[in-house]
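Structure record follows, encoded as structure tokens.
None of the figures in this text is laboratory data; all of them are computed from the coordinates on show. What you see is a predicted model; the values in this text were computed from it and never measured. Because the Cβ atoms are built from the backbone with ideal geometry, glycine has one as well, and the counts that use them run over all protein chains shown.
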Amino acid sequence: MVEADNRSVFLNANEFAEQHTIVYDGRTYSDIPVLLTKIKESERPVHVGTDHVDGIYLASAIAHIALSDMNGIVPEQDQDIQIDDGIALGHPLYRKYRVVTSDCEMGMICLELEAYDE
């Protein structure tokens, strides 16, 4: 019953979610509903002993995905995941994220993601 509610409300493309293509661990999951919330964009943190490049920002997002749409696979922490982010010259553009946290409850995957952006 919870999974039906998740699909009919949160993962409903007419309500909150949008259709996205996800690439994870060599597999492509095409046109699945994803609730992707970009929560902040901040200047890249400075690490002692490394160079700091002006104009690079750390973008954070939360993604909610139905477990069944990922064929029962939950992306793991510290792994890369790609989510389409538009089309350029007739080809999809993908944003590469690192999975910061990964959780799955009642058939819903929740991922906290980070990506560097210019």
Exercise for review: Rank by packing, highest mean first: peptides 60-69, 97-106, with packing defined as the count of other Cβ atoms within 10 Å averaged across residues.
Suggested key: 60-69, 97-106
Check your understanding: Between D25 and M1, what is the spin-label point distance in nm, taking each point 7 Å from the Cα along the Cα→C-beta axis?
Key -> 3.2
Practice item. Multiply the residue gap between E76 and N12 by 0.36 nm, knock off their C-alpha separation, and tell me the result in nm, one decimal place. Key: 20.6 nm
